[in-house]
Amino acid sequence: MHLKIAVIGAGNVGAMVASRVIDADLADVVLVDIVPGMAKGKALDISDVRPLVNSSANIIGTENFEDMKGSDIVVITAGLARKPGMSRDDLLKKNSAITKEVSSQVKKYCPSSIVIVVTNPLDVMSYLVMKTTGFDPKKVIGMAGVLDSARFTNALRVRNQNIDQDNVLMMGSHGDTMVPINRSENISEELFSETSELTRNRGAEIVRHLGTGSAYFAPSASVFFMLKAIIKNEKKTMCVSAYLEGQYSEKDIYIGVPAILGVSGVDKIVEIELTEKEKQAFKESARQIREGITHIL
Ligand code: APR
């Protein structure tokens, strides 16, 4: 018996998440989008891959939120990407409205689900989903740290093959104030700052090349990584945007921290020792996220 995952937003990230889940035979998928026919067309296409990958997981596409009923996990990718001329505030307002609307549907049709949030600005939208659904914060998790940490490790590995993934990570916000952490002795100060900067700007670099749209291969792989940890109860530690209640001296905020993921969502926030410099950077990141939160409440 497969679990059921609802993916809201059948755009680049949502469709690719659905495709990865079906290819891996991980769960059944309900793909939802407000654009007529879009989710349905993509779901039919993804479904036809099943004989090629020997998957028996089912997928449907729909405009009807009711079809999400009974989903065990919901992935929210619905939203707008920032367009030229659009301020961060405009994006915040637009995506807040979409996220609020979508969260009420999740509350109505999937009241006991775990929710993974992808819509930007990520940390603020994760907070909004938790508030709107009223779900236990352990069951609302933002996807950013897995992606930013993968980008960071990849940038380092391109320059030095011997980087151990467990020794580098990205904490803090999914934005300009992300906090790079290095616990490896193989990385020089110079390499560390070069690759941190590259990671911070990676999303924008990809957007610049694409012209329209933004990254979705690594973002969807990051969501899949989290889904697998939850469904298979892996109890794996990874960076996610999670709700803090005093950890890292912060509370009532969603921000990127290492956490253990399992079948009930966030099993535990892992508190690693931070240097003074890292503590300051994390604090600044939290301040920026709080500023975003005050705009949406
Ligand atoms: N309900 C359902 N779907 C919606 C809604 C809504 N209220 N509003 C918008 N959508 C859908 C759009 O129709 C679109 O198909 O969300 C989809 C978003 O897809 P893309 O524009 O391709 O964006 P994508 O690259 O997938 O990114 C999704 O992740 O990185 C973040 O900020 C980014 O918010 C964006 C999200």
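The values are calculated or read from the model by the stated rules, or taken from the named source; none is laboratory data. Nothing here was measured: the structure is a model prediction, and the numbers come from that model. Note that each Cβ is placed from the backbone with ideal geometry, even for glycine, and that neighbours are counted across all protein chains shown. In case anyone asks, the SASA skips ligands and DNA or RNA and just uses the protein heavy atoms, side chains included. Shrake-Rupley method; radii C 1.70, N 1.55, O 1.52, S 1.80 Å.
In the set (1) more than 13 Å from the ligand (Cβ to nearest atom); (2) part of a helix (DSSP H, G or I); (3) of a type in the set (D, E, K, R), the condition left unmet by LYS94 is number (1).
Can you confirm whether VAL106 is within 14 Å of the ligand (Cβ to nearest atom), within 23 Å of VAL140 (Cβ to Cβ) and touching a Ser or Thr at 6+ places or on another chain (Cβ under 9 Å)?
Working: within 14 Å of the ligand (Cβ to nearest atom): yes; within 23 Å of VAL140 (Cβ to Cβ): yes; touching a Ser or Thr at 6+ places or on another chain (Cβ under 9 Å): yes.
Taking the combined requirement at face value, the residue satisfies it.
All conditions but one from (1) over 16 Å from the mean Cα position of the chain (by Cα); (2) more than 23 Å from THR199 (Cβ to Cβ) apply to ARG88; the one that does not is (2). The numbered conditions (1) open to solvent by 60 Å² or more (accessible area, probe 1.4 Å); (2) of a type outside the set (A, V, I, L, M); (3) touching a helix residue (DSSP H, G or I) at 6+ places or on another chain (Cβ under 6 Å) are all true for HIS209 except (3). Looking across region 130-143, just one residue is closer than 14 Å to ILE253 by Cβ and within 13 Å of the ligand (Cβ to nearest atom), and that is GLY142. Residue check: MET1 meets all listed conditions (1) under 24 Å from ALA218 (Cα atoms); (2) more than 16 Å from the ligand (Cβ to nearest atom); (3) over 21 Å from the mean Cα position of the chain (by Cα) but one, namely (1).
Take the residues in region 4-44 that are in contact with a Pro (Cβ under 9 Å, 6 or more places away or on another chain) and β-branched (Val, Ile, Thr), then tell me which one is nearest to the ligand (Cβ to nearest atom).
So in region 4-44, the residues in contact with a Pro (Cβ under 9 Å, 6 or more places away or on another chain) come out as 12-13, 16-17.
Now narrow it down to the ones that are β-branched (Val, Ile, Thr): 13, 17.
Details: VAL13: 3, VAL17: 9 Å.
Within region 4-44, the match that is nearest to the ligand (Cβ to nearest atom) is VAL13.
The criterion of at least 2 residues that are free of Cβ contacts under 8 Å to residues at least 60 places away in the same chain is met by the following strands (runs of 3 or more DSSP E) wholly inside region 1-82: 28-32, 59-62.
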